[in-house]
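Following: one structure in structure tokens, then a few remarks.
The values are calculated or read from the model by the stated rules, or taken from the named source; none is laboratory data. If you're wondering where the values come from, they're calculated on a predicted model, not measured in any experiment. Backbone-built Cβ (ideal geometry, glycine too); neighbour counts: all protein chains shown. Ligands, DNA and RNA are excluded from the accessible area calculation, which covers all protein heavy atoms including side chains. Shrake-Rupley method; radii C 1.70, N 1.55, O 1.52, S 1.80 Å.
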Amino acid sequence: MDRGRRRRMAARRRHDPNENRIMLLPKHILFILCFICFVIMFVSYRFPNAVKPVKNVADMVISPMQAGINHVGTAIFGNRQKKAKLEELEAENEELKSRIEEMTALVRLSNQDRYELEALRKLYELDGKYSDLPKVAARIIARESNGWYDLFTIDKGSADGIEVNMNVMAGNGLVGIVTEVRKKTATVRSIIDDNSNVSAMITSSGDNCIVSGNMSMLKNDGTIEVSMLPKDSKAIENEEVVTSHISDRYLPGILIGYIRNIRTDSSNMTKEAVLVPAVDFQKLDEVLVITALKEKNEE
Amino acid sequence: MIRYIVYFAEIILCYLLQTSVFSYFRVSGVVPDVILILIISVAYTKGQNSAILTGFFAGLLLDLMYSEAIGLCAILYMLVGFMSGYFCRFFDPRNFILPAVMVFSGEFIYSMLYYVTGFLLMGKTSFGTYMLNTILPRMFYTLFAALFLYPLFLLINKLVMRSEGLEDE
């Protein structure tokens, strides 16, 4: 109580002989706790393993509650969306049925191409495609809480075989990378995070580039940044961008998104562009973690 | 004794609200800073010491789950608690304007400090973008959430004080 504090301060001013306890003013408490925080900050930054047990304990207490809330949340919001979308879906269904007819014809054609492709792939020994890699499905149970970064927590952790630097996908697009693993949960940094950089490649031309998150662009039109594209690159608009072979953390050939607005950058040395991610980050709910690491894959 | 249990329950409740519940009610990509509302209401009703301690524990909980450097949020929340604790002497349970102003400016101070420590020092200088897209929406959304949460915290505080036999003025 503030009243109590004021009374104590008044007592001290009168030099009350009965009041010989050591006084802790708010600024002293603030100073001591700040000092403790700086120590923790230093320790956790320099020796991340030292704080791991504490993190695991906090995680074991908190994550079941988050998972519960998430369960209720998806139940409520999932149902509401379902009702609203039912009519929309019926109309779409009709349209799709007619499309299927067209598609089956196309499939027959593309099947022929596929056999050819498979034969060629064997020839080039490019069979290690990500579709064959082991994956674990996980559910997003919490998002980074302050709106600055795009990190989220998934409900699988080291107990499920998740390790740091494993790639995370949704649908057929890249979502991000595991940055931290606890016993039952893990933290994923998405590619749209301001601090994310992915070494990427244009599919057709094979030109390497860097895909990095950019919050200002993301807020404007949902795109992120592509840079360091060679000046003589012949990439065209809307071409697929995939993870590159030279990346040390990302498995090669995972679809990131589609390139747009290619232009020469201000230094006149390279080209830059924007990228529309293949994954809809607004509606992300379940993800797939590829439980193979890049280094191990190459061994 | 009961009140310390209640304080910890409040911290965890706020943490869950902020990380899980409000992620279903995002407005322009931000969630309200529920923990800050808790700290401000503690600071306003109980004074600096309690606010600093609340900021310490709530900030640490947040850092444990998300930060690489544990303790940053704790320090920032403690500073906000320390500053807003000065207004405890004007406490009046019927006054809702002052706590609203405190939440609004507290969120601004917290966000600014967060921007300076986490972004400006890393060389990200596009302040306008962060101001428009993150800080301002957060300030208004937090203020909005405080309209519901501050009376709730006030009520909980009153009930706890009564059950402990301490009359809350």
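Results, tabulated for the structure shown:
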quantity	calculated
Per residue, in Å², the accessible surface of segment A:135-299 once ligands and nucleic acids are set aside, probe 1.4 Å	42
Highest-first arrangement of B:48-56, A:103-111, B:156-164, where packing means the average Cβ count within 10 Å	B:48-56, B:156-164, A:103-111
Apportionment of accessible area to carbon and sulfur, segment A:250-299, percent (1.4 Å)	44
Accessible area, probe 1.4 Å, largest first, for residues B:ARG94, A:ARG139, B:ARG89	B:ARG94, B:ARG89, A:ARG139
Peptide A:37-45, shielding by other chains (average Cβ, 10 Å cutoff)	6
